[in-house]
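A short write-up of the structure that comes next.
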Amino acid sequence: MPLINFALKEKYQQSITFRYVILGLLAVFIILLPFPLNNYQRHIINMAGIFIILSLSLDVAIGWTGLIHIAPAAFYGIGAYTSGLFMLRVMPNSWFAYWLSLPLVVVFTGLTGYLVALPALRLRGLFFAVATLGFGELVFTTLNNWVNLTGGPYGLGGIPRPQIASFFVFDNPIKFYYLIYFFVIMICILLFRLMKGPTGRAWMAVREDELAASTIRINIKRAKIEALITSAILSGVAGWLFAPYVSYLSPSNFTLGESILILTMVIVGGRGNLIGPIIGTLLLFFLPEILRPIAVYRFLLYGIILCVIIILRPQGLLGRLKK
Amino acid sequence: MLLQQIANGLTIGSVYGLVAIGYTLIFGVLRLINFAHGEVYMFGAFIAFTSISILNRSFIFAILAVIFGTALLGYLMDKVVYRPMRGSPRISLLVGSLALSLVLRNIAMFSWGSRTFPFPPVFPLTSFRIGDLRITYLQIGILVASFLLASIFHLFIYKTKLGKAVRAVSLNYKMASVLGINPNRIIVLIFAFGGALGGIAGVIVSSFYGSLSFDMGTAVGLRAFVACILGGIGSIYGAMLGGIIIGIAETMAIAYIAPSYKDVIAFIVLVLVLFFKPTGLFGKKELMI
């Protein structure tokens, strides 16, 4: 348990029982968390959960593979709108529409991710980043202007809550908490296995040194495409969770500003590992709330704190400095 | 009609170009994209506005205040944020510049307020016609001023000893310091000059449109950034050319294609250019033409 090893006595560091105890406590904490809180706090935690998925998805591209990409909000939006539109237009009034829309979201964001990945092969770092910026603007502008399909700036409303048959409806923040965090945990487990396995390691090799990676027969093109598609799909899943949670989608949820927010969460928290983006997300979510008493000057102080963190610790809170 | 749109595009494009020069200078020397540059542009407009409307000074005073103020702002940005981060990973610098732009925007918002202010009419709005084309003297003034400033810069970089030092630092930081150039001083100079250029651009635009607000920097900053990539990052002429291309493309798109997609046009043009020239029109890694 590298994270807290430094704080523990020798005999606890290796103990398996100890690990299970910690995991158990964590599990209990996570399971009981929503109860003592009020609805507003639950909402914040739910949104934090969605953004955890988004930060992790962005980190797959930036932290694992070294591909700087500034359009997670675009895939997030595509996932959300796909799900919403499917539920409202294609299969209205049916409870399994929501669950059916998940594979649809995966396929759709995957394809879009593939299209975005293609320029990555030709454009170096910075230029690819700018191209993704453009892609993000394109998606936003399309969502905002294709009124017949997406409702444009008026948004897409009335997205039904998820349901399992007719007896279980996800209609309050507590139930959504479990739904959202179920996926957060599943995705974390998935990413953990991916990271330790050959695919994830190949991506990290590409990040470190493309030439060297190609000499050990890692297919650079394939790695980059795979990483970007994975990143896109995960962002889309976050959108899929978001759509029925807020019930009303508006293009303003998927602007460049959102992408920059997600990017900041990843960089401030530390990229390239699983916990960094999670910490970054939680920090950036709870900081404005903690600063709420100062109301007006909130964002100024928020910006200053971000500046200070990044100046003092450019690799992010849980990141590693390369050299 | 067409010529009119081109003229309008040229005007706004040359302003994008001025701001883009600021981006490209800083990138050329530090490999850093200073997203807070758009806010320097905005501060320039506000300093002029404060001088003229609030302090009731002359236009000359305002311009001097802008040059001094934005140069100072550039210097402070370097000293407080970028110098401590020298050597950090590029993406952290990116996030740092984004955080800095957030801070600057908020400072402006608290200092002046969040509404849109009218910029005092300092220039006569008279125009003349050539056939169907109507050109205001202000537009001519803008074009002349932009090209003049860009040329002054070019002369500075290529014909003066200090300019040579700038080029040296942009080519190889360490070697330049071995040869007796103080890179930190050069960098301060770059930030100050780039800042002043951006500030003047801000004054130009707000006097052209007659209004200014604390969030005017973001849209222009983004366009100018795209322009500078388009022209080949590190190239001054490329930045100006990129700005003009984007200005014209945008005006034409608004007039003839689809006004609602105007934000995306800059990127579409960029992607098209990058497709054929992956590093931009005059793209090289150093600060050269």
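The values are calculated or read from the model by the stated rules, or taken from the named source; none is laboratory data. Quantities reported herein were computed from a predicted structural model and do not represent experimental measurements. So basically every Cβ, Gly included, is an ideal-geometry build from the backbone, and we count neighbours across all protein chains shown. Remember, those area values only see protein heavy atoms, side chains included, never the ligands or the DNA or RNA. Shrake-Rupley method; radii C 1.70, N 1.55, O 1.52, S 1.80 Å.
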| remark: Its Cα gyration tensor gives region A:40-131 an equivalent ellipsoid whose semi-axes in whole Å, largest first, are 28, 19, 9
| field | Rounded Å value of the spacing that divides the Cα centres of region A:137-178 and region A:283-300 | value | 27
| note | The alpha-carbon pair-distance distribution computed for region A:167-323, with 5 angstrom bins and whole-percent values, is 2, 7, 12, 17, 18, 17, 13, 8, 4, 2, 1, 0
| query | Give me the log10 of I(q) over I(0) for region B:145-225 at q = 0.27 Å⁻¹, as the Debye formula computes it from C-alpha points; what are the numbers? | reply | -1.27
| task | Could you go through region A:223-233 in sequence order and give the Karplus-derived ³J(HN,Hα) for each residue, using 6.51 cos²θ - 1.76 cosθ + 1.60 with θ = phi - 60°, rounded to whole Hz, and x for Gly and Pro? | result | 4, 4, 5, 4, 4, 5, 5, 4, 4, 5, 5
| query | Over region B:19-93, how many percent of alpha carbon pairs lie in each 10 Å bin up to the one with the longest distance? | reply | 19, 44, 25, 11, 2
| said: Just to check I understand the Karplus step: with θ = phi - 60° and J = 6.51 cos²θ - 1.76 cosθ + 1.60, what whole-Hz values come out for region A:254-269, glycine and proline as x? | reply: 10, 8, 4, x, 5, 4, 5, 4, 5, 4, 4, 4, 5, 6, 5, x
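Report the far tail of the P(r) of region B:21-149, meaning the percent of Cα-Cα pairs longer than 17 Å.
Numbers: 5539 of 8256 pairs.
Summing the P(r) tail past 17 Å for region B:21-149 gives 67 percent.
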| task | Under 12 Å from the Cβ of B:Val271, count the other residues' Cβ atoms, weight Lys and Arg +1, Asp and Glu -1, and hand me the total. | result | +1
| What is the mean projected area of the alpha carbon convex hull for region B:167-268, to one decimal in square nanometres? | 7.7
| task | Using only alpha carbons, build the gyration tensor for chain A and give me the equivalent ellipsoid semi-axes, biggest first, whole Å. | result | 30, 27, 21
| task | Take the alpha-carbon centre of region B:1-34, take the same for region A:193-216, and report the distance between them in whole Å. | result | 39
| said: Quick check: with the 1.4 Å probe, what order do A:Ile233, A:Ile275 take by accessible area, largest first? | reply: A:Ile275, A:Ile233
| With DNA, RNA and ligands ignored, accessible area of A:Trp95 (1.4 Å probe; Å², nearest 10) | 100
| Mean shadow area of chain B, taken as a quarter of the surface of its Cα convex hull (nm²) | 15.3
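Per residue of A:119-125, count partner chain C-beta atoms within 10 Å of its C-beta, then hand back the mean as an integer.
Values: counts 4, 0, 0, 3, 5, 2, 2.
Mean shielding count: 2.
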| task | Order B:Ser51, B:Ser211, most accessible first, counting only protein heavy atoms with a 1.4 angstrom probe. | result | B:Ser211, B:Ser51
| said: Out of the total accessible area of region A:159-269 (probe 1.4 Å, heavy atoms of protein only), what percent is carbon and sulfur? | reply: 64
| field | Accessible surface buried once B binds A (1.4 Å probe; total of both sides; Å²) | value | 3200
| task | Using only the alpha-carbon atoms of the protein assembly as shown, report the extent along each of the three principal axes, biggest first, to the nearest angstrom. | result | 76, 60, 52
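Dividing the convex hull volume of the Cα atoms of region A:205-264 by its residue count, what figure in Å³ per residue is obtained?
So the per-residue hull volume is 100 Å³.
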| Just going by the charge dipole of the protein assembly as shown, with Lys and Arg at +1 and Asp and Glu at -1 on Cβ, which of A:Tyr81, B:Ile268, B:Leu104 is farthest out on the positive end? | B:Leu104
| field | Integer Hz, Karplus 6.51/-1.76/1.60 couplings in order for region A:86-101, x for Gly and Pro | value | 4, 5, 8, 9, 8, 10, x, 6, 9, 6, 8, 4, 4, 5, 5, 6
| query | Given a 1.4 Å probe and the protein chains all in place, what does the accessible area of A:Thr109 round to, in Å² to the nearest 10? | reply | 0
| So, counting K/R as plus one and D/E as minus one, what does the shell of residues with Cβ under 15 Å around B:Ala196 add up to? | -2
| field | Accessible area (Å², 1.4 Å probe, nearest 10) - B:Phe59 | value | 60
| remark: Evaluated at 10 °C and 1.306 mPa s, the Stokes-Einstein D of region B:53-93 based on the Kirkwood radius over Cα pairs, in µm²/s, stands at 129
